[in-house]
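Below is one structure; the comments refer to it alone.
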Amino acid sequence: VENPSARAWPYEDVWVDVAGGKTHGWWMSLQNARGVVLFSHGNGRNISGYLDDAALFRDLGLSVLLYDYGGYGLSGGAPSEARSYADARAMWDYLLKVKQIPPEKIILDGSSMGGGVTAELATQVSPAAIVLESTFTSVPDTISDMYPFIPANCLFHIQFRNIDKVGQIRKPVLLFHSKDDTVVPFEQSQKLYRCITAPKTFVEIHGAHHGGKFASREIYLAALKTFLDTNLQP
């Protein structure tokens, strides 16, 4: 769709090696940034369709690392649940080892399917905090809610069982979800919220599955700013 140069943003192409191929991303640094967000996007697009999301983070003083899962965009190999987890971990390691970003300066943010990728990573590493946007309890749960007659647990090998993982997260979590979401039921984020034992905040927004953060821009930015002010070291 576009790359950061279309918005006059400085950026670097990032390439990291994972089993199955190379993973590609864009490192978009912001001068005097207060921190960094590692953003794991949803299923339907590659990183070129998520610069509006990056713009919101930049508005709050964050540098951004966007990346594509295997088989998405310029990332080689084939998409899979395991590969997406490996992609996220490789990008985390890139921030720490190459960019020398302290973990306490990194926010993990995942939207929809990316919430599942983020939840897995958040059980392995220790960032400043975690943001889950329009995130489901599991893929079979989401399919079953939409199509109750399908035995989703038996048929779907892709699971993203976030409901089993969020209780392992030890850092603060901010959840966003809209009751207007017709892809992931609002109640699934509420179930995740109830299972989180770390400090947690739930913010209801309005609008479509991906577009809610933009339809609710003022609510979204205000809540995210408060969360950052609380959990990012100055």
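Only protein heavy atoms count here; under a 1.4 Å probe, Thr135 has an accessible surface of about 0 Å².
Phi angles of the stretch 24-30 translate, via the Karplus equation with coefficients 6.51, -1.76, 1.60 and θ = phi - 60°, into HN-Hα couplings of 10, x, 10, 9, 10, 7, 10 Hz per residue; Gly and Pro are given as x. Springs between Cα atoms under 10 Å define the GNM used for the chain, and in it the highest mean-square fluctuation of Arg58, Arg45, Arg170 occurs at Arg45. Our coupling estimate for the stretch 43-57, obtained by passing each phi through the Karplus curve with A = 6.51, B = -1.76, C = 1.60 and θ = phi - 60°, is 7, x, 9, 9, 4, 5, x, 10, 6, 5, 5, 4, 4, 5, 5 Hz, Gly and Pro reported as x. Of Phe39, Phe136, Phe214, the residue with the greatest mean-square motion in the GNM of the chain, using alpha carbon springs below 10 Å, is Phe214. Our coupling estimate for the stretch 225-232, obtained by passing each phi through the Karplus curve with A = 6.51, B = -1.76, C = 1.60 and θ = phi - 60°, is 4, 4, 5, 5, 4, 7, 10, 9 Hz, Gly and Pro reported as x.
For the options Val166, Val117, Val98, a Gaussian network treatment of the chain with springs between C-alpha atoms closer than 10 Å singles out Val98 as fluctuating the most. Protein heavy-atom accessible surface, 1.4 Å probe, per residue over the stretch 1-106: 41 Å².
Roughly to the nearest percent, how much of the accessible area of the chain is carbon and sulfur, given a 1.4 Å probe?
Here carbon and sulfur together make up 54 percent of the probe-accessible area.
Probe radius 1.4 Å, ligands and nucleic acids left out: which of Lys213, Lys22 has the largest accessible area, and how do the rest follow? Each step should come with its number before you reach the end.
Numbers: Lys213 10, Lys22 100 Å².
Sorted by accessible area, descending: Lys22, Lys213.
The H on the amide N of Lys22, modeled in the peptide plane, is under 5 Å from the matching H of Gly76, each at least 5 residues off or on a different chain.
The values are calculated or read from the model by the stated rules, or taken from the named source; none is laboratory data. Because the structure is a prediction, the values reported are computed rather than measured. Note: areas computed on protein heavy atoms with side chains; ligands, DNA, RNA excluded. Shrake-Rupley method; radii C 1.70, N 1.55, O 1.52, S 1.80 Å.
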